[in-house]
Amino acid sequence: ATWGADLEAQTDDASRIAAASRAFSDAYVRGDTAGIRALYTEDAVLLPPGREIRGVDDIVAYFAPSPNRENVTHAMESSELRIAGDVAVDIGTWSNTWSIGGGQAQSAAERYLVVWRRAEDGRWRIEYDMWHRPTG
C-alpha cells in the first residue's frame, strides 16, 4: 500500500468514528437504548467517575433514560484521534445539557477518552469509555 492510500483509509476511519460518536450522542439524547447497544462491543468497559461497569447489558442499563431527567443536547468533540489498525484512541471534550424534573437546563463539559475497535463487520464500536466529571 502506498502512503496516500493509508492516509485515505485513516481519513475514512476517522470519519466513521466521528459518525459513530455523533450516533452515540443522538441515541443518548433520544433515550434510544438499542442505538446505544449497537455502538459498544459486547465486552465493553465503561469507567464513569468512581465506577466500573463491564458488559454491554450493564452499560445500556447505565445510559437508560431516567424518568426525571431529560437530555437536551450531548456532544463529543475529539481533539486527538490515533488510529492503529483496528484500534483507535479518541481524546476530547464531552458536553451535555439536561434538565431535572422539567426544571431549568443545566450544562457541563469535561474531558473523555474512548477506545474504539473495528468489528468484523467493519463498524467501529466503543470498547473502553471513560470521562471526567466537571470540578466545582
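The values are calculated or read from the model by the stated rules, or taken from the named source; none is laboratory data. Note that the coordinates shown come from a computational prediction; the quantities given were computed from them, not determined experimentally. As a convention, Cβ positions derive from the backbone with ideal geometry for all residues, glycine included, and neighbour counts pool all protein chains shown. For accessibility, only protein heavy atoms count, side chains too; no ligands or nucleic acids. Shrake-Rupley method; radii C 1.70, N 1.55, O 1.52, S 1.80 Å.
If you filter region 110-134 down to residues that are of a type in the set (Phe, Trp, Tyr) and out of contact with any Gly (no Cβ under 9 Å at 6 or more places or on another chain), you find that the one that is farthest from Arg51 (Cα to Cα) is Trp124.
Considering region 39-69, the residues that are small (Gly, Ala, Ser) and out of contact with any strand residue (DSSP E or B) (no Cβ under 8 Å at 6 or more places or on another chain) include one that is most open to solvent (accessible area, probe 1.4 Å), namely Gly50. No other residue among Ser25, Ser78 is under 18 Å from Ala108 (Cα atoms), touching a residue at least 12 places away in the same chain (Cβ under 8 Å) and in a helix (DSSP H, G or I) apart from Ser25. Kindly check whether there is at least one residue in region 73-89 that is open to solvent by 60 Å² or more (accessible area, probe 1.4 Å), within 20 Å of Ala27 (Cβ to Cβ), touching a Gly at 6+ places or on another chain (Cβ under 7 Å) and charged (D, E, K, R). The answer is yes, given that some residue of region 73-89 is open to solvent by 60 Å² or more (accessible area, probe 1.4 Å), within 20 Å of Ala27 (Cβ to Cβ), touching a Gly at 6+ places or on another chain (Cβ under 7 Å) and charged (D, E, K, R).
In region 28-47, which residues are on the phi < 0 side of the Ramachandran plot, in a loop (DSSP other than H, G, I, E, B) and more than 12 Å from the chain's Cα centre (by Cα)?
The one that is on the phi < 0 side of the Ramachandran plot, in a loop (DSSP other than H, G, I, E, B) and more than 12 Å from the chain's Cα centre (by Cα): Asp32.
Just one of the numbered conditions (1) farther than 18 Å from Thr11 by Cα; (2) out of contact with any Pro (no Cβ under 8 Å at 6 or more places or on another chain); (3) open to solvent by 40 Å² or more (accessible area, probe 1.4 Å) is not true of Trp131: (2).
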